[in-house]
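Everything on this sheet refers to the single structure shown next.
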There are 2 protein chains.
Amino acid sequence: MQMRSSENELMHEIIQSLKDGKRRVFLDIIDELQPYDVAQQYQHLPAKHRNKFLLYLTLAQLKELMEELSKEDQLEVLQKLGIEKSTKVLDLMENDDLTTLLADLEPEQIEELMSEMKKEESDMVQHMMKYPAESAGRLMNNRFVWISKHYTVREAVDKLKDFAELAEYLNYLYVIDEGKKLVGVVSYKDLLLGEMQDKIEDIMFTRVVKVDVLTDQEDVAKLISRYDFVSIPVIEDNDKLMGVITVDDILDVVIQEANEDIEKLSASGKAIDFKTKPLVAAYRRLPWLILLLLIGLVSGSIIDGFSETLQSAVALAFFMPMIAGMTGNTGTQSLAVVVRGLVAQDLDVKQVVKLIFRELWVGIIIGLTCAILISIIAFIWQGSLILGIVVGSSLLITLIIGTLAGTIIPLVLYKFNIDPAVASGPLITTINDIFSLLVYFGIASMFISKLS
Amino acid sequence: MQMRSSENELMHEIIQSLKDGKRRVFLDIIDELQPYDVAQQYQHLPAKHRNKFLLYLTLAQLKELMEELSKEDQLEVLQKLGIEKSTKVLDLMENDDLTTLLADLEPEQIEELMSEMKKEESDMVQHMMKYPAESAGRLMNNRFVWISKHYTVREAVDKLKDFAELAEYLNYLYVIDEGKKLVGVVSYKDLLLGEMQDKIEDIMFTRVVKVDVLTDQEDVAKLISRYDFVSIPVIEDNDKLMGVITVDDILDVVIQEANEDIEKLSASGKAIDFKTKPLVAAYRRLPWLILLLLIGLVSGSIIDGFSETLQSAVALAFFMPMIAGMTGNTGTQSLAVVVRGLVAQDLDVKQVVKLIFRELWVGIIIGLTCAILISIIAFIWQGSLILGIVVGSSLLITLIIGTLAGTIIPLVLYKFNIDPAVASGPLITTINDIFSLLVYFGIASMFISKLS
């Protein structure tokens, strides 16, 4: 938030140094910037200066720039750099970023990009791409420092020095045995406070919290936020240490998962942001809308079935949108409470039963309050006590049903390992429309002789 | 994810050691656990063992336990510990956690708890509580290592050793001048790679990214996730270094803010989780529902106004819920896209205009698709071409209006610095009900002679 005012100035200085061909001046400016800011400058730079900007950057700076860019911009940079320099930059990049970059590309493009990379790097990336999307294996990187349990503190500190440039965070060193098995962890604090001749296996912490390569990224996020870790080790069968996941990637995961929940809850379709083209956005939103339109027709056929009732008491129609709407609203509320709650904790059968009973009570309390209110309003407005009773009792029943539907539908999805957020507000609303019309016209039909 | 299977066993061992009165054995078990796990054990422990569990823990362990517990459990622990031991534990706690604990307590309770604390600590906490809720000042802690710019690398490393126990993360040391002003930052990597006699001011990074005590926590989260920092320094006027915010607290903020967005979008009321009592949950949900109920009555009076039209063509009622529902659905989608997008980036006027035009196009494309579909369905179902045209053209217009309402309403709120998420799916749905009924019956009235 602090640097805003000087940003135009900065851009001006950068362009000047590029125009003057003064690489030294340019690098002095870039050196003082964070990678994110370098990327911002690059993105806002007039297109004609971009080639020189890239030419002037060091390989390490290019790698950092790449990691801040969107996939489209990354590919543009790679193209501008040419195959030789691209390959060097890709070699330097974190494996997890590389995996993300390659994930959606065509096989030929991947092969072209990777053909010139160091074998070790490209093998690792290809291996990572075999893990399922959103798994720990996709998210991990190999920029961590491991030490043998037979090291002394002095040896560990020496190794740390050698790898300081490489490692992302230095808070933990992971300890492995002869078979590359993860057997412990030593924090940098432990090294600082230990004696130089202490053996690592004597000071290491053996109860390491770790995740499997197949663990879902949401579960990794839960662990990291629970334990306040800066990084967490990732293992494959037999405790073999494969990589680490760092908190910065987890922060991105948490933001992404929250966005996905909101996407699903609002049935707004995948990955629409401010830059999405209208046709693409419409295409992504339409499937849900068409489904909801067809379900909405069921409501129509219910009213069709009760058209005699409606014809003899048109006033019934006045309260239709309100009753249907309220049932949808209470259902949406319950849905949000369940989806939100499931992010924070898992549920067992006992808790599920308790939750359903809680929501039943909530439905009854809400239903009674709203039913009494609407009965009085209906009576005053339309001057018919019977109409008041029909509307009020319908609202009571539909609010209870709506609340339970909003609770039980996501729980059933959860039980079958489907993300409960796909139930979505609009879906719950549309289903509740159907329930509410059935109840409303059902009750009204019973009183029809007194209503008309 | 790894430790589940042994958890019952662990609990058994802990209870055994408590029963046997073997504190040494108990502490050996606890030493191997993460604070989160200690808290889990405490929470699942039968009530009769809890006093002894607390008695056996060291002060440092009690402090860590406290930081993992809910506010209710924290107060229970403090009560069990008694005033003297409580005070010692509170002295050890991080200021930000302490501020959270005290935030909602009665003034007398705060005074009682703080009366025995070290003056320095209680002054800091009282100072922090003066900052607004959700500001950086509330979130910061003072467990960081600062060094003078005149230090050598050796002096910095020595200071780091002295404070290793205290500091939360050691990745950065903040450099201050004589007036306590923040002038630079040195990473631990820099120290490792520097020469012992180097001056800090020569190796430090001067373009420090920092936040003000009054910065909103959401903006702090944006910065931390943007720059991949582990911590960020907090300053007050004149660049005076007041504290740091660490990434673990930011992870909690991001989760909390996402939950708040979902709460608001679903109008589900503040802070309802699986443990909230039915009466409390109903009370928190009712204000929105009652408001929506009253708005829903406006729909009723619109239908009332068109009751002659409806009476002469009851088939119009069949499509009412579908049209109202679809308008609400597309509005909810647009709302979610806007709210989600605003979390990621701020908008200027040019971008707002562009976004509104994008959504206008989306509305037209969606509207045309759904309108053609429903015209055909209505014609086939009811055998009336006119009805098909009325329903189709109404849906086209209401979908465009609904999409724009779902876009413009949150943007207007955002413009006036109101959180756009308060617009909420249910509110947009209810408002769109009104628009859609006006359009539908308006168009139907024009064709009424041909419909009945």
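Just so it is clear, none of the values below were taken in a lab; they were calculated from the coordinates. All figures in this text were calculated on a predicted structure; none of them were measured in a lab. Here the Cβ positions follow ideal geometry from the backbone for every residue, glycine too, while neighbour counts run over all protein chains shown.
Here the protein assembly as shown is treated with +1 on each Lys and Arg Cβ and -1 on each Asp and Glu Cβ, and its dipole about the Cα centre works out to around 2840 debye. Between the Cα long axis of helix A:153-163 and the first principal axis of chain A there is an angle of about 80°, rounded to the nearest 10.
The amide H of B:D419, built 1.01 Å from its N in the peptide plane, has no neighbour under 5 Å, considering only residues 5 or more places off or on other chains.
In chain A, the beta-carbon sitting nearest the axis that superposes A on B belongs to the residue given here with its distance in angstrom, A:A258, 2. Per residue of A:309-317, other chain Cβ atoms within 10 Å of the residue Cβ number 4 on average. Since only B:L54, B:S17, B:S70 are under comparison, the one whose Cα sits farthest along the positive direction of the charge dipole of region B:6-113, derived from C-beta charges on Lys, Arg, Asp and Glu, is B:S17. Radius of gyration over Kirkwood radius for region A:278-451, both on Cα atoms: the Rg/Rh ratio is 1.03.
Annotation: the antiparallel percentage among DSSP beta bridges lying fully within region A:146-256 is about 75.
Between identical copies, the spacing of B:I290 label points, each set 7 Å from Cα toward the C-beta atom, reads 4.4 nm from nearest to farthest. For B:W361, the label point sits 7 Å beyond Cα toward Cβ; its separations from the matching points on the remaining copies run 5.3 nm, from shortest to longest.
Counting other beta carbons within 10 Å of each Cβ, put B:W288, A:W361 in order, fewest first.
Working: B:W288 21, A:W361 17.
Ranking B:W288, A:W361 by Cβ neighbours within 10 Å, fewest first, gives A:W361, B:W288.
Inter-copy label distances at B:E120, using a point 7 Å along Cα-to-Cβ, come to 4.7 nm with the shortest given first. In order along region A:296-311, phi translates into HN-Hα couplings of x, 5, 4, 4, x, 6, 5, 4, 3, x, 9, 5, 5, 4, 5, 4 Hz, rounded to whole numbers, per the Karplus curve 6.51 cos²θ - 1.76 cosθ + 1.60 with θ = phi - 60° and x for Gly and Pro. Antiparallel beta bridges, as assigned by DSSP with both residues in the protein assembly as shown, represent about 75 percent of the total such bridges.
With +1 on each Lys and Arg Cβ and -1 on each Asp and Glu Cβ, how big is the dipole of region A:158-295 about its Cα centre, in debye rounded to the nearest 20?
780
Placing a pseudo-label 7 Å from each Cα along the Cα-to-Cβ vector at B:E218 and A:E111 gives an inter-label distance of 4.8 nm.
Based on Cα contacts under 8 Å between residues 6+ apart, region B:4-135 shows a relative contact order of 19 percent. Here region B:341-382 is scanned for amide nitrogen atoms under 18 Å from the site 7 Å beyond the Cα of B:V412 along Cα-to-Cβ, giving B:349, B:352-357, B:359-360. Every helix of 4 or more DSSP H residues in the protein assembly as shown counts as -39500 (n - 2.57), and over all residues that averages to -22500 deg cm²/dmol at 222 nm.
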